[in-house]
Structure formats: C-alpha cells, structure tokens
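See structure below.
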Amino acid sequence: TSSAGYAYAEYDASKIVPGLKVNGGVRYTHDTVDSFNVNYLAPVSTPILAGAFAPFPHGQCTTYVGLAGPVTCKEFKASFNAFTWTGGVSYQIAPNDLVYAKISKGYRPGGVNSSFPPSDLSASTYKPEYDRSIEIGLKSQFSLAGLPTRFNIAAYRDNYTSIQQNVSVISDNNIN
C-alpha cells in the first residue's frame, strides 16, 4: 500500500530574465508491505487408493515437520517513508529553442522477501532504493526541407544509493 502527498510549482521569471522559468516539487511517500509465506499440503496420491488424493486445505495454513523441524506460516511486514524532490530551470533562448536543467531525488520502496530462510525473519526485509538525477538538455523545433522537425537532446547522470539487486542464495534446505 502506498500513500503520498505531492506539491509542485513553477514560476515564470520572464519579468526578471525574458524566457526564464523556475520550477520545483516535493513528495512525501509512505509505503507498507504485508506478505504471507503460507505452506499448503500438496495433493498426494496414496498407493492404497489408486487415483485418490489427500485433502488439500484450501486457504488454510498448515504446519508440518520438515527436515529442519516444524515449518509454520510466516507473516512479513515492513514500512518505508521517503521525502523526494525535484527542481529545475528552463530558458527559452529563441521562440523554438529551449534549454533546461533539473536535479531530482527519486525513491523505490523497500520490501520483503518471503522466500528468505525462516530462521531469520528480520533479515528478509530489504531497504528502499534512492536515486539522485541531474539532467541538462535542449528542445528545438525547426523546418528541414519544408518538413516540421523536432530535435531533443539531453545528458544526464544518475547516482544510486542502496540499489536493489536480485541475489540468489542457497540455504541449508536448498531453497533459494
């Protein structure tokens, strides 16, 4: 579940510098994750009653004894909060040419890995990912051999922290 509040504003500074606009925004996000790792008995054919199956407990959590001991249903919960923002300037250098620059901070919420070995539930949570992005660019419109043409070019750089990566780990009972 994700809830957020967002505000954005743009100021036309053309009275100070013709063609100049300044903009910015902020967002506060709250995310919650609630996941269940539920064990179900699989249908098992019994040799005595050929073709018969053991009852399958639909929607019921089943505790059973595995090689490492009792295995029960687990609930994984986590919540994450983030304050992100963006800010930029644009300058209309000619009627059909605009240059701009912006900087922003982004966020991807963390989560839970319910397939994590049950011996350490606290380690099953992974952290949010953050990104700081800087971008500069040019947007232009012109006529090329009588055809209306648009040309956009941009350069950007992203700097990630706590980047989320998929990692496989083989546990004691060969579950990854």
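Every read-out reported here was derived from the displayed coordinates using simple, explicitly stated rules and does not represent laboratory data. Quick caveat, the model's predicted, so the values are computed rather than measured. Here the Cβ positions follow ideal geometry from the backbone for every residue, glycine too, while neighbour counts run over all protein chains shown.
Sum up the charges of everything whose Cβ sits under 9 Å from the Cβ of residue 22, counting Lys and Arg as +1 and Asp and Glu as -1, but leave residue 22 out.
Neighbourhood net charge equals -1.
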Could you run the Karplus curve 6.51 cos²θ - 1.76 cosθ + 1.60 with θ = phi - 60° over the stretch 16-28 and give me ³J(HN,Hα) per residue in whole Hz, x for Gly and Pro? 8, 10, x, x, 9, 10, 10, 9, x, x, 9, 9, 10
Placed amide H near residue 110: partners under 5 Å, 5+ positions off or other chain: 129
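Cβ under 11 Å from residue 131's Cβ, residue 131 left aside: what net charge do those residues give with Lys, Arg +1 and Asp, Glu -1?
Around residue 131, the surrounding residues sum to +2.
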Give, as ranges by residue number, the residues of the stretch 1-40 whose backbone N falls under 20 Å from the point 7 Å along Cα→Cβ of residue 154. 7-11, 20-27
